[in-house]
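Trainee: Sharing a structure, written as structure tokens. Questions coming.
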Amino acid sequence: MSKIVIVEKEKCNPEGCGGYLCARVSPSNRAGKEAFYKDVDNKIGVKEELVSDVDRIAVNKCPFHALKLINLPEQLTETPVHRYSKNGFVIFRLPVPIFGKVVGILGRNGIGKSTAVKILAGVLDANLGKVEIGEDEVDVQALIDHFKGNEAQGYFEKLRDKKITLSYKPQQVEQIAKSYDGKVGDLLKKINEKENNEYERILKELQIDHLLERDIKVLSGGELQRVAIAATVLKNANVLFFDEPTSYLDIKQRIKGAHFLQNLANEETAVMLIDHDLIILDYMSELAHLLYGQENGYGIVSQPKATKAGINVYLEGYLKEENVRFRDHKIHFPKHALEKREGQDEKLADWPAISKTLGTFELEADAGVIKKHDIIGILGENGIGKTSFVKELAKIQGETSSGALKISYKPQYLEEMDGYDENELVGTFISQAMKYDTQLLKPLNLQSLFEKTLGQLSGGQLQRVIIARCLAADADLFLLDEPSAYLDVEQRLLMSKIIKDMMEAKGKACLVVDHDLLFVDYLSEKLIVFEGEPGKRGHAKGPFTMQDGMNKFLEDLGITFRRDEENNRPRANKLDSVKDREQKSSGKLYYAS
């Protein structure tokens, strides 16, 4: 395959374009070839073997952006592992689980990570690109033949010979609550294949032993995530797959979860996982596969690399061994210029000390000051009052030179956004953002979503739309609660840049609650740190400088951070390593530069 054509059927609207406009203007069609044709579903269909580069004219003419003409890398000679449909997404190659190791998978959303894992976990049957009706069924032996001479051959041979058993944790843990009625304990006992003492140990380590009598439908996202991890581990399987095991977890839970997953891998057990938190992926995996390609078009799996090297290659955007540049720019982490504006920027707002009882929860906060251009990260465990604190700040009626302080707030749960109506068109919902075409619409790729309703969007799409609406508002202070949720690594770093640029251009300030420490490090210049006891009391302290705030936060976690020498990204030191001990003895748990 030298090129593929992707047709997004849900976007294709023949009536809206006057009747198959792409087919009418296609040079190939005009030359007598039926490259573009009316398909059985009355949408457009494309015969890729008849399409040439000149047909890009037809693709670009589609007013609904339903078509993509993609030239595949020249060095890609093998046939696909799977294609969802004719003119659908296609994936080449597969990662391979390795016994005794945790293998990570890194890549953008819509690039095939979950597809690859589902194939390996037996959730999705690979078709080797055979999507036409009547083509031969693809069985395990066909996959063995396809991967002959590759490590994946051995994996599928073991699968055929029943030498491996599989367990899989899906990405969308919220589906558990939708598909199961009853108590947590009843669900886990039904699944459990371990001895009783092992069962109890797993529940205790994942801190869900107190949830057994709780109805599954009332669990928080973080609780559901840990229940899903437990359900995966309680099966007698020797190859375990985890699709985004850290989403919904706070940083303390992520570190504990990383240790738990690391300890699963031994000579008899292989662990493979997908995650967008680079710090945690780096911390818990030994090897990593990169996926590159084009979002919702195709994905290619790289050869495995040591995780540190793999992440650095990913940030570099260039695979030297395969001579493939998959991004036109490098991602490098800036050195924090501590106190760079101190004494320069005027005060935007302040808040008094807060002491408030919210039901059975006690919220306290030190008095604080926000200056123009400030971007302040907020760190703390789940249930410790971060969102409640942000909501209290949203009530500030401070004074600025122009009058009352105006607040723009993006809530943690996207459906709680002011004005949210799942039936409203995206273009209408973010009409105020139209004046920020180059700052918001283009970098966040929102134009193609204008004709969709909010209820039709994926989690990542809805997150980008709601952040755009929030940042476009006429406000003095912007409060963003977990803006990295549902976004992939590149989208998170891009979002950081967009937020920074918007605050700089507007001369305003932003407070950001998030659990991805790399995202917070990349974005923030100051920190507010929460202490207390989840569910009972929380105390917000700061704002601090990044150095002081991170030292305070990491002291409670018991971990230390260094900087990667290639790109300055923060990396968690292995517990009790030489570097970890050195930094703890010096009191420098975090290096800001």
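Trainee: Which pairs do you get when a residue that is among the charged types (D, E, K, R), found in the range 540-555, comes within reach of a residue that is part of a strand (DSSP E or B) and open to solvent by 40 Å² or more (accessible area, probe 1.4 Å), reach meaning Cβ atoms under 8 angstrom, with the pair 6+ apart or on two chains?
Mentor: Hits for this filter: Lys541/Glu531; Lys552/Lys541; Lys552/Phe544.
Trainee: Any idea which of (1) over 23 Å from Lys452 (Cα atoms); (2) crowded, with 17+ Cβ neighbours inside 10 Å; (3) within 32 Å of the chain's Cα centre (by Cα) is the one Glu8 doesn't satisfy?
Mentor: (1)
Trainee: Here is a follow-up. Can you report the number of residues in the range 477-494 which are among the charged types (D, E, K, R) and open to solvent by less than 10 Å² (accessible area, probe 1.4 Å)?
Mentor: Matching residues across the range 477-494 total 2.
Trainee: How many residues are over 22 Å from Phe147 (Cβ atoms), open to solvent by 10 Å² or more (accessible area, probe 1.4 Å) and touching a residue at least 60 places away in the same chain (Cβ under 8 Å) when one looks only at the range 47-73?
Mentor: 6
Trainee: Please verify whether the range 24-39 includes one or more residues that are of a type in the set (D, E, K, R), open to solvent by 40 Å² or more (accessible area, probe 1.4 Å) and touching an Asp or Glu at 6+ places or on another chain (Cβ under 9 Å).
Mentor: no
Trainee: Taking the range 459-476, which residues are open to solvent by 20 Å² or more (accessible area, probe 1.4 Å) and either assigned to a helix (DSSP H, G or I) or without any contact (Cβ under 8 Å) to a residue 40 or more places away in the chain (or both)?
Mentor: Selection gives Gly459, Gln461, Arg464, Arg469.
Trainee: State whether one or more residues within the range 264-281 are open to solvent by 60 Å² or more (accessible area, probe 1.4 Å), touching a residue at least 24 places away in the same chain (Cβ under 8 Å) and touching a helix residue (DSSP H, G or I) at 6+ places or on another chain (Cβ under 8 Å).
Mentor: no
Each row is one residue, and each column tells you yes or no for (1) at pLDDT 95 or above; (2) within 25 Å of Leu393 (Cα to Cα).
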residue	(1), (2)
Ile466	yes, yes
Asp481	no, yes
Ala485	no, yes
Asp488	no, no
Gln491	no, no
Asp501	no, yes
Lys506	no, yes
Leu517	no, yes
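Trainee: Name the single residue that is farthest from Lys217 (Cα to Cα) among those in the range 192-206 being in contact (Cβ under 8 Å) with a residue 40 or more places away in the chain and surrounded by 16 or more Cβ atoms within 10 Å (Cβ to Cβ).
Mentor: Glu205
Trainee: If you don't mind, another one. Would you list the strands (runs of 3 or more DSSP E) that sit entirely within the range 266-377 and hold 3 or more residues that are among the aromatic types (Phe, Trp, Tyr) and over 29 Å from Gly100 (Cα atoms)?
Mentor: none
The values are calculated or read from the model by the stated rules, or taken from the named source; none is laboratory data. Since the model is a prediction, treat every value here as computed from it, not as a measurement. Counting neighbours? That spans all protein chains shown, and the Cβs are built from the backbone with ideal geometry, glycine included. Areas reflect the complete protein model, heavy atoms only, side chains present, ligands, DNA and RNA absent. Shrake-Rupley method; radii C 1.70, N 1.55, O 1.52, S 1.80 Å.
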